[in-house]
1. Do any residues in segment 18-30 that are farther than 13 Å from residue 41 by Cα and modelled with pLDDT of 95 or more have Cβ atoms under 7 Å from those of residues that are β-branched (Val, Ile, Thr) and within 8 Å of the ligand (Cβ to nearest atom), where the two are at least six apart or on different chains, and which pairs are they?
2. Right, residue 30: near the ligand (Cβ under 10 Å from one of its atoms) and either part of a loop (DSSP other than H, G, I, E, B) or touching a helix residue (DSSP H, G or I) at 6+ places or on another chain (Cβ under 8 Å) (or both) or not?
3. Assigned to a loop (DSSP other than H, G, I, E, B) and either away from the ligand (no atom under 14 Å from the Cβ) or surrounded by 11 or more Cβ atoms within 10 Å (Cβ to Cβ) (or both), is that true of residue 9?
4. Taking segment 12-27 on its own, how many of its residues are under 14 Å from residue 53 (Cβ atoms), more than 9 Å from the ligand (Cβ to nearest atom) and of a type in the set (Lys, Arg)?
5. Please find, among 47, 41, the residue that is touching a residue at least 24 places away in the same chain (Cβ under 8 Å) and not in a loop (DSSP other than H, G, I, E, B).
6. Do we have residue 3 as surrounded by 18 or more Cβ atoms within 10 Å (Cβ to Cβ) and without any contact (Cβ under 8 Å) to a residue 24 or more places away in the chain here?
Amino acid sequence: MANIKYIGNDTSKSERGKVHVNENTKTGCGAIIDDNKEDWVETTESVTCEKRGCK
Ligand SMILES: [Zn+2]
């Protein structure tokens, strides 16, 4: 499965440009993707998030 990159501006959710493991409705580290789908894009870039679940 492709990884997923955060492109939104809510820094409480994730740093912009950070790449996470994609678990469909949320990231590996627990950020909810479904709330703001437009803030996330699938990517083939490698994961840069270092939180538990993504790393
Ligand atoms: Zn993450």
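1. Between residues of segment 18-30 that are farther than 13 Å from residue 41 by Cα and modelled with pLDDT of 95 or more and residues that are β-branched (Val, Ile, Thr) and within 8 Å of the ligand (Cβ to nearest atom), the close pairs are 28/21.
2. It is true that residue 30 is near the ligand (Cβ under 10 Å from one of its atoms) and either part of a loop (DSSP other than H, G, I, E, B) or touching a helix residue (DSSP H, G or I) at 6+ places or on another chain (Cβ under 8 Å) (or both).
3. Criteria met by residue 9.
4. Residues flagged as under 14 Å from residue 53 (Cβ atoms), more than 9 Å from the ligand (Cβ to nearest atom) and of a type in the set (Lys, Arg) within segment 12-27 amount to 1.
5. Just one listed residue meets the conditions, 41.
6. no
The values are calculated or read from the model by the stated rules, or taken from the named source; none is laboratory data. Treat the numbers as computed from the prediction; the structure is a model and nothing was measured. Don't worry about glycine lacking a Cβ; one is built from the backbone with ideal geometry, like all the others, and counts go over all protein chains shown.
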